[in-house]
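Visitor: A single structure is presented below for examination.
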Amino acid sequence: MDSNLTLILKEFEELKGQFVINHNVVERFIAIGTDDQDYYYVTYNGRETKWNTCVGRIIPLKGKIDEKHYKEFIRLAKLNHYDQAGTWGRDDEWATNHKLEITELGENNDKYLTDICWDLN
């Protein structure tokens, strides 16, 4: 039987960069993180990241809703998410700095177990 971490990482590989429902909110699934206590789904709402315990579930949207509706999430993200260059006239450097700022971990024991996926999938 696979370990919980193996299953979580497999789920990430299948869903990375996609829009998911997490705690009744639609966000992009960008990474898996950990600390001394738990594993976390790391999601992004266009402005900030959230670490959500893997004890809960995420619900994938791609392939579950009409393709045209899913593409609308992508269209809106390209227009409004700060990690997308060109959003509100921001350039690549601004978007890169934003991503670095919101993913900085500080001095606690948090760490990323995966690369952060900024792609819109």
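Visitor: Hey, can you tell me all the residues within segment 44-61 that are farther than 14 Å from GLY33 by Cβ and in a strand (DSSP E or B)?
Guide: ILE59, PRO60
Visitor: Could I ask something else about it? Six or more apart or on different chains, Cβ atoms under 8 Å: show the pairs whose first residue is in segment 96-121 and among the hydroxyl-bearing types (Ser, Thr, Tyr) and whose second is in a helix (DSSP H, G or I).
Guide: TYR112/THR103; THR114/LEU9; THR114/PHE12
Visitor: Out of ALA95, ALA77, ALA85, I need the residue that is under 15 Å from VAL25 (Cα atoms) and either surrounded by 13 or more Cβ atoms within 10 Å (Cβ to Cβ) or of a type in the set (Gly, Ala, Ser) (or both). Which one?
Guide: After applying the criteria, what remains is ALA77.
Visitor: For GLY106, state whether it is part of a loop (DSSP other than H, G, I, E, B) and at positive phi.
Guide: Working: part of a loop (DSSP other than H, G, I, E, B): yes; at positive phi: yes.
So GLY106 passes the test.
Visitor: OK, next. Looking only at residues in segment 14-43 that are at pLDDT 95 or above and in a loop (DSSP other than H, G, I, E, B), which one is surrounded by the most Cβ atoms within 10 Å (Cβ to Cβ)?
Guide: GLN18
Visitor: Across segment 65-93, what is the number of residues that are among the hydrophobic types (A, V, I, L, M, F, W, C) and either under 15 Å from the mean Cα position of the chain (by Cα) or modelled with pLDDT under 90 (or both)? Reasoning before the result, please.
Guide: Just the residues of segment 65-93 that are among the hydrophobic types (A, V, I, L, M, F, W, C), to begin with: 65, 73-74, 76-77, 79, 85, 88.
The next check asks that each one be either under 15 Å from the mean Cα position of the chain (by Cα) or modelled with pLDDT under 90 (or both); those that pass are 73-74, 77, 85, 88.
Here the count works out to 5.
Visitor: Here is a list: ILE32, ILE59. Which entry is β-branched (Val, Ile, Thr), touching a residue at least 40 places away in the same chain (Cβ under 8 Å) and closer than 28 Å to THR6 by Cβ?
Guide: On the way: ILE59 fails: touching a residue at least 40 places away in the same chain (Cβ under 8 Å).
Checking each option against the conditions leaves just ILE32.
Visitor: Something else about it: Considering only residues of segment 100-121 that are over 21 Å from LYS78 (Cα atoms) and hydrophobic (A, V, I, L, M, F, W, C), which is modelled with the lowest pLDDT?
Guide: Ranking the qualifying residues of segment 100-121, first place goes to LEU105.
Visitor: Which pairs turn up if I take residues in segment 1-22 that are closer than 30 Å to ARG75 by Cα and look for partners that are part of a helix (DSSP H, G or I) and at pLDDT 95 or above with beta carbon separation below 6 Å, at least 6 apart in sequence or on another chain?
Guide: So the pair list comes out as PHE19/PHE73.
Visitor: Of a type in the set (A, V, I, L, M), more than 22 Å from ASN109 (Cβ to Cβ), out of contact with any Lys or Arg (no Cβ under 9 Å at 6 or more places or on another chain) and in a helix (DSSP H, G or I): is that true of LEU5 in this structure? Explain how you work it out, then say what you get.
Guide: On the way: of a type in the set (A, V, I, L, M): yes; more than 22 Å from ASN109 (Cβ to Cβ): no; out of contact with any Lys or Arg (no Cβ under 9 Å at 6 or more places or on another chain): yes; in a helix (DSSP H, G or I): yes.
The answer is no for LEU5.
The values are calculated or read from the model by the stated rules, or taken from the named source; none is laboratory data. Being a predicted model, the structure only gives us computed values, none of them experimental. As a convention, Cβ positions derive from the backbone with ideal geometry for all residues, glycine included, and neighbour counts pool all protein chains shown.
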